[in-house]
Amino acid sequence: MDPLRELVGRSPRIAALREQLRALLAREAGLRRLPPLLITGETGTGKGLLARIIHQASSRAGGQFVELSGAAIPEHLLESELFGYERGAFTDARQSKPGLLQVAHRGTLFLDEVGLLPLSLQAKLLKVLEDDSVRRLGSTRSEPVDVWVISATNEDLPGAVRSKRFREDLYHRLAVITLSLPTLRERGDDIDLLAEHARARACAKYSVPPKQLSPEAQAALRAYGWPGNVRELNSCIERAVLLCPATVIPADALELSASTEIPSRSVPAPVDAAGWEPQRLSDVLAQTGWNISRTAAILGITRNTVRARVARYGLRPTGSLADSEEMRPELPDRVVEGEAAGGQPRFTSAPGDRREPLEATDISPLRAPRPPLQPWADPTAPIRVDTALGTPSIALLPFHVEGDDQAKSYFGDGIVEDIIGALASLRELLVISRSSTLRYRGTGVDVRVVGRDLGVTYALSGSVRRAGHRLRVSVELAETARGAVAWASHFDGVSDDLFALQDQIATKVVSTIAPQVREAELRRALRKRPESMEAYDCVLRALAQLYRLNPEDFAEARTWLEKAILFDPAYATPHALLAIWHTIRVGQGWSPEPAADQAEVLRLASAALERDSFDATALALCGHAKSILRYEFDEAIALFDRAIAASPNSAIAWTRSSPTYSYVGDAQEAIRRAEQGLKLSPLDPHIFYIHTILAFGHYVAGEQETAVQWGRKAREENPQFTANLRILAASLAAAGRTDEAREVGRALLAVAPGFQVGRFAEGYAIRDPGRRDSLARHLRLAGLPG
């Protein structure tokens, strides 16, 4: 019998969670020590139930499952409950009592609402986790404990860390593996299944005759927004089973209110069951341009339900949309938005792709499914930002440095880099990567062209004038659709005020285009500053040369970064950028020892994390190195999730996480992450890398023809990138195109004459031995030796 059978649901995110747990439990029995788990999710999503399921399915099922809620016990009693006490430790301690940590010895301790633990208790809990021992109140000795700690929270713990309400060291100790439960409104098709499960349980619990839900009641359940999640659904069904006298429960017995407010991060409030008139559906379809997914999101129902209603009512698009074959309602989610240059269709993406970057990952490896491509779409066509759902998007153009010395242009680029770093940490904005805006340096580009190129709604441009230590930074925010200026201003100060000026600009941008962002959130987003202006200046110079991709400038970038570290050893950014430098050297084929460079990536990224644990670049690179070098996939995924939580707009975090999902066999998630990275950096100087990981994802998915198309694009952009040549050769061989595969194989040997299939496959990071064998077979079909 499946030990995870109580985890009810068939939605992609629940299925992914179930598979993740199976993989964890399969390895758990052989581990000497179990890693702490952190479960995140809104109130009512079932975090406690999930913790109990994990305990019962683990090797600790014979031990106690002990639960403690940080919200249910008064603060002054928490310490004695958790740690226990000796007789006489305080006035009412008439006899000794073990704490819950000792009660849970050789079992599981579930800490619910862990974010509410007082800081004083957090320090003691951390010591227990580090030492595997506990000291009761009033005792002078510690006693060993063997306890598996599973914690849960509905709070933003990274935000609590930044605001000093939760200890950073304890957070990292508890979040070794993070699981995230989706809201009920994100689970769509699971609602019927959960309702049926709750109905059967309620009938058995109260010994009432079996009852059924009417079709209208089922439709009402699907249309409701469920702000209280699964807990509210269970209460609703239990109430109806008890109070409804009929054996078939009608919709009105559910007592669902269409006006119930849904939390702000959810989709808009759904229409109630009685509101399903054809006109309402037609209005929403017209509003979304007949985008099935956005219509489903607005109405709070599934895409299949929208399609069924469209067919039932015989609805058809009107006007110019009616003549377009793409508007057929039975087709997948993406619909044509307009014509791109060259007559290629331009597609918007389904809400699951991009409505809010953390909604799909939510500090965890749980995913929404990747929407399918249209049958007529070129899979390698440019992926544009979809801003139709109201999330503002912005590109920051390189600032012009006024004066005769244009060698100082790096200074303006650096100002942009820091502002991007602040804005990218806000999930309410979509911020295009700086690497995709470098092409506009030194050009008097029309912001409307920027809007068409990058698909953004705003562009920020500016200039910097330096006179001795005096600075004036002039900026202009424009709407790209019309080229209209939203605001323009200048900020004056001295060199020592540079960081304050950057913060002022970032704050002004946010207040203009995303006024819903709270001031506290923006303050947390503003980056950790270096102590040394000399170090900062070196970093700016390195940034100016890092992406020029010629050996001389590239080598000079390393020199500047090493100087920055000498000036300020505690400054995280140069360590992270130096890690990027080594990844670029490997990717460009300039590395004499790729394995040594990869090891250096891990060392430098770890060093950056020691100095700034919220550096998204360092987190992502550290995760990538752990995956490709050490095969520590679970730890890598946890680091990627922390990176995306810290900076939802980090193209590096999205793209560097993609190969790991291919290594573990989750091709669809690998593709989704690569596509998200491509949206955030569509003009990246290293776009060949993104195209390569897309080829890899499609190869693992068995979509060989699509893999070949992406691989060919990557080869055009960088014909010497061996990682791409390997995947392209294997994809062509798997597709039966042997002659073309052998041509690519010869090109690979020209770049890497010592390549041996057996040696490569033996050390490659793909987890499944069968997949590694298939890759080796395909490479040999391409004529590669060994």
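The values are calculated or read from the model by the stated rules, or taken from the named source; none is laboratory data. Everything numeric in this text was worked out from a predicted model, so none of it was measured. Don't worry about glycine lacking a Cβ; one is built from the backbone with ideal geometry, like all the others, and counts go over all protein chains shown.
Is it the case that the stretch 147-166 has a residue that's assigned to a loop (DSSP other than H, G, I, E, B), surrounded by 18 or more Cβ atoms within 10 Å (Cβ to Cβ) and either among the small types (Gly, Ala, Ser) or not assigned by TED's automatic domain parsing to the domain that holds Glu42 (or both)? Within the stretch 147-166, not a single residue is assigned to a loop (DSSP other than H, G, I, E, B), surrounded by 18 or more Cβ atoms within 10 Å (Cβ to Cβ) and either among the small types (Gly, Ala, Ser) or not assigned by TED's automatic domain parsing to the domain that holds Glu42 (or both).
Is it true that Trp290 is at pLDDT below 70 and either farther than 23 Å from Leu50 by Cβ or not charged (D, E, K, R) (or both)?
Numbers: at pLDDT below 70: no; either farther than 23 Å from Leu50 by Cβ or not charged (D, E, K, R) (or both): yes.
Spelling it out, it is not the case that Trp290 is at pLDDT below 70 and either farther than 23 Å from Leu50 by Cβ or not charged (D, E, K, R) (or both).
Contact map, the stretch 446-462: first residue within 14 Å of Pro682 (Cβ to Cβ), second residue among the aromatic types (Phe, Trp, Tyr), Cβ cut-off under 7 Å, separation 6 or more or different chains; pairs are Val450/Tyr440.
Looking at the stretch 546-582 only, could you name the residues that are closer than 18 Å to Ile420 by Cβ and in contact with a Phe, Trp or Tyr (Cβ under 7 Å, 6 or more places away or on another chain)? The answer is Leu546, and nothing else. Quick one: would you say Arg726 is within 29 Å of Trp581 (Cα to Cα), touching a Phe, Trp or Tyr at 6+ places or on another chain (Cβ under 9 Å) and buried (at least 18 other Cβ atoms within 10 Å of the Cβ)? It is true that Arg726 is within 29 Å of Trp581 (Cα to Cα), touching a Phe, Trp or Tyr at 6+ places or on another chain (Cβ under 9 Å) and buried (at least 18 other Cβ atoms within 10 Å of the Cβ).
Among residues that are surrounded by 15 or more Cβ atoms within 10 Å (Cβ to Cβ) and either outside the structural domain of Pro648 (by TED's automatic domain parsing) or touching a helix residue (DSSP H, G or I) at 6+ places or on another chain (Cβ under 9 Å) (or both), Arg141 is not included.
Among the candidates Leu170, Leu82, which residue alone is in contact (Cβ under 8 Å) with a residue 40 or more places away in the chain, in the same structural domain as Leu25 (by TED's automatic domain parsing), over 18 Å from Arg642 (Cβ atoms) and not in a loop (DSSP other than H, G, I, E, B)? Step through it out loud before you land on a result.
Working: Leu170 fails: over 18 Å from Arg642 (Cβ atoms).
Only one candidate qualifies: Leu82.
Yes/no matrix, rows are residues, columns are (1) within 30 Å of the chain's Cα centre (by Cα); (2) part of a loop (DSSP other than H, G, I, E, B):
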residue: Gly711; (1), (2): yes, no
residue: Pro719; (1), (2): no, yes
residue: Leu725; (1), (2): yes, no
residue: Ala750; (1), (2): no, no
residue: Pro753; (1), (2): no, yes
residue: Gly758; (1), (2): no, no
residue: Glu762; (1), (2): no, no
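If the condition is being surrounded by fewer than 17 Cβ atoms within 10 Å (Cβ to Cβ) and among the acidic types (Asp, Glu), then the stretch 99-138 contributes Glu130, Asp131, Asp132.
Scanning the stretch 203-234 for residues that are polar (S, T, N, Q) and under 15 Å from Glu255 (Cβ atoms) yields Ser214, Asn234. Here Ala741 qualifies as assigned to a helix (DSSP H, G or I) and either in contact with a strand residue (DSSP E or B) (Cβ under 6 Å, 6 or more places away or on another chain) or surrounded by 18 or more Cβ atoms within 10 Å (Cβ to Cβ) (or both). I need the full set of residues from the stretch 601-618 which are in contact with a Leu (Cβ under 8 Å, 6 or more places away or on another chain) and under 19 Å from Val586 (Cα atoms), in order please. Val601, Leu602, Leu604, Ala605, Thr617, Ala618, listed by residue number.
How about the stretch 532-569: which of its residues are part of a helix (DSSP H, G or I), farther than 23 Å from Arg441 by Cβ and not aliphatic (A, V, I, L, M)? Can you show your working first?
Residues of the stretch 532-569 part of a helix (DSSP H, G or I): 533-546, 551-567.
Adding the requirement that they be farther than 23 Å from Arg441 by Cβ leaves 533-535, 562-563, 565-567.
Passing the criteria: Glu534, Glu562, Lys563, Phe567.
Scanning the stretch 570-609 for residues that are surrounded by fewer than 17 Cβ atoms within 10 Å (Cβ to Cβ), without any contact (Cβ under 8 Å) to a residue 60 or more places away in the chain and part of a loop (DSSP other than H, G, I, E, B) gives Ala570, Trp590, Pro592, Glu593.
Test Leu21 against the stated conditions and say whether it is closer than 30 Å to Arg185 by Cα and at pLDDT 85 or above. Yes; evaluated as a whole, the condition is true for this residue.
Consider the stretch 78-96 and keep the residues that are crowded, with 18+ Cβ neighbours inside 10 Å and touching a helix residue (DSSP H, G or I) at 6+ places or on another chain (Cβ under 8 Å). The one that is modelled with the lowest pLDDT is Leu78. Here Leu37 meets each of (1) over 22 Å from Pro158 (Cα atoms); (2) surrounded by 20 or more Cβ atoms within 10 Å (Cβ to Cβ); (3) of a type in the set (A, V, I, L, M, F, W, C) with one exception, condition (1). If you check Ser658 against the conditions, is it out of contact with any Phe, Trp or Tyr (no Cβ under 6 Å at 6 or more places or on another chain), closer than 18 Å to Ile690 by Cα, crowded, with 24+ Cβ neighbours inside 10 Å and at pLDDT 90 or above? Taking the combined requirement at face value, the residue satisfies it.
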